[in-house]
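Trainee: Have a look at the structure that comes next, please.
The values are calculated or read from the model by the stated rules, or taken from the named source; none is laboratory data. Please read all numbers here as calculations on a predicted model, not as lab measurements. Cβ coordinates were reconstructed from backbone atoms using ideal geometry, including for glycine residues, and neighbour counts include every protein chain displayed. These accessible areas exclude ligands, DNA and RNA; they are computed on the full protein's heavy atoms, side chains included. Shrake-Rupley method; radii C 1.70, N 1.55, O 1.52, S 1.80 Å.
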There are 2 protein chains.
Amino acid sequence: MPVYYEDVEVGTVETNGDYDVTREEVLSFAERYDPQWFHTEPDRAAEESPYGGVIASGWHTAAMTMRLLVEGTLADAATVGAKGVDELRWPVPVRPGDSLHIENEVLEKVPERPERGLIRARTRTFNQDDERVFSMIGNVMYLRRSDE
Amino acid sequence: MPVYYEDVEVGTVETNGDYDVTREEVLSFAERYDPQWFHTEPDRAAEESPYGGVIASGWHTAAMTMRLLVEGTLADAATVGAKGVDELRWPVPVRPGDSLHIENEVLEKVPERPERGLIRARTRTFNQDDERVFSMIGNVMYLRRSDE
């Protein structure tokens, strides 16, 4: 059964994981979309970067978080995408070898249109040491039940 | 010459492009990171989606924007990454066949620490019809000149 706007409850918290971050994926994502040396050059990053080694592109971290969301909370959701995101933060870098999991909390429901509503939810991503590596507040469009 | 915090001027506007969006890339990004049917199933999307066909994952749009930023404004910048992003929006979908360009405007400088400062900049991404498909305000950490 699809989860419609009416089915979502404020305060619901769901979790999903894990996503294993490989060195190969960190480098290949960064080479394609974010080719800055602290993402793509392991030797230089080990010597010169304040992080002591390559770290994942922040957009890669966002994308891995999305994968966990789609497999989790969004798997049965009747959504047609998101309007945007607020307060996106990368407090701790993601490194090759990390293992990520997420926590998603419904903050607010906004009855936007007759055929759909907006669900505001905070998504947090943590590494294997439970350090928060990513967080955002997403504004996701959910369809409403047409039979109501 | 690297561009340090001191070299950045509020009000500077820079552009870069184009990024050609292929159907293959739209599908492969979505299959890996955002496997929702309106991103990954062209036939179903053509029939059932409010968008009339597959659209790129919003995170793919963000990643392509980042590529244009790294090739443009950030190419010579002495940065060590970003702390986060505010007001990220996807007002118009990106579709296979689109061609994207960006505009980046420096909004504010925040002298955060002795060794680095924060540059707040608005990045907007447009398609070939100059429709805005993406925007965000990034908070990028720039190093300061150590000889000053």
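Trainee: Check whether at least one residue in segment B:38-48 is free of Cβ contacts under 8 Å to residues at least 60 places away in the same chain and within 25 Å of B:A77 (Cβ to Cβ), and report yes or no.
Mentor: no
Trainee: Right, here's the next one. Restricting the search to segment B:21-50, which residues are modelled with pLDDT under 95 and surrounded by fewer than 17 Cβ atoms within 10 Å (Cβ to Cβ)?
Mentor: Scanning segment B:21-50 gives B:E48, B:P50.
Trainee: Does A:A121 count as within 16 Å of B:D34 (Cα to Cα) and either β-branched (V, I, T) or at pLDDT 95 or above (or both)?
Mentor: Considered against the rule, which asks whether it is within 16 Å of B:D34 (Cα to Cα) and either β-branched (V, I, T) or at pLDDT 95 or above (or both), A:A121 comes out as no.
Trainee: Then there is this: Give A:R67, A:R113 a once-over and let me know the one that is free of Cβ contacts under 8 Å to residues at least 24 places away in the same chain, of a type in the set (D, E, K, R) and closer than 26 Å to B:P91 by Cβ.
Mentor: Answer to the check: A:R113.
Trainee: Shifting gears a bit: Just give me the residues in segment A:51-68 being open to solvent by 40 Å² or more (accessible area, probe 1.4 Å) and either over 16 Å from the mean Cα position of the chain (by Cα) or of a type in the set (S, T, Y) (or both), in sequence order.
Mentor: A:Y51, A:G52
Trainee: Can you name the strands (runs of 3 or more DSSP E) wholly within segment B:8-119 that have at least 1 residues being touching a Pro at 6+ places or on another chain (Cβ under 6 Å) and either within 14 Å of another protein chain (Cβ to nearest Cβ) or among the small types (G, A, S) (or both)?
Mentor: Because the criterion is at least 1 residues that are touching a Pro at 6+ places or on another chain (Cβ under 6 Å) and either within 14 Å of another protein chain (Cβ to nearest Cβ) or among the small types (G, A, S) (or both), the strands (runs of 3 or more DSSP E) in segment B:8-119 that meet it are B:79-89.
Trainee: I would also like to ask the following. Run down A:A77, A:A82 and say which single residue is open to solvent by less than 30 Å² (accessible area, probe 1.4 Å), within 17 Å of the chain's Cα centre (by Cα) and closer than 26 Å to B:E87 by Cα.
Mentor: Of the residues listed, the single one that is open to solvent by less than 30 Å² (accessible area, probe 1.4 Å), within 17 Å of the chain's Cα centre (by Cα) and closer than 26 Å to B:E87 by Cα is A:A77.
Trainee: Here is a check on your reading of the model: is A:E71 surrounded by fewer than 17 Cβ atoms within 10 Å (Cβ to Cβ), among the acidic types (D, E) and over 21 Å from B:W37 (Cβ atoms)?
Mentor: no
Trainee: Let me ask something else about it. One residue is enough: does segment A:7-16 have a residue meeting the conditions more than 26 Å from A:A121 (Cβ to Cβ), in contact (Cβ under 8 Å) with a residue 12 or more places away in the chain and not polar (S, T, N, Q)?
Mentor: No, the conditions are met nowhere in segment A:7-16.
Here is a yes/no grid of residues against (1) at pLDDT below 95; (2) of a type outside the set (A, V, I, L, M); (3) more than 19 Å from B:T40 (Cα to Cα):
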{"residue": "A:R67", "(1), (2), (3)": "no, yes, no"}
{"residue": "A:L74", "(1), (2), (3)": "no, no, no"}
{"residue": "A:G84", "(1), (2), (3)": "no, yes, yes"}
{"residue": "A:E87", "(1), (2), (3)": "no, yes, yes"}
{"residue": "A:P91", "(1), (2), (3)": "no, yes, yes"}
{"residue": "A:V94", "(1), (2), (3)": "no, no, yes"}
{"residue": "A:G97", "(1), (2), (3)": "no, yes, yes"}
{"residue": "A:N104", "(1), (2), (3)": "no, yes, yes"}
{"residue": "A:E108", "(1), (2), (3)": "no, yes, yes"}
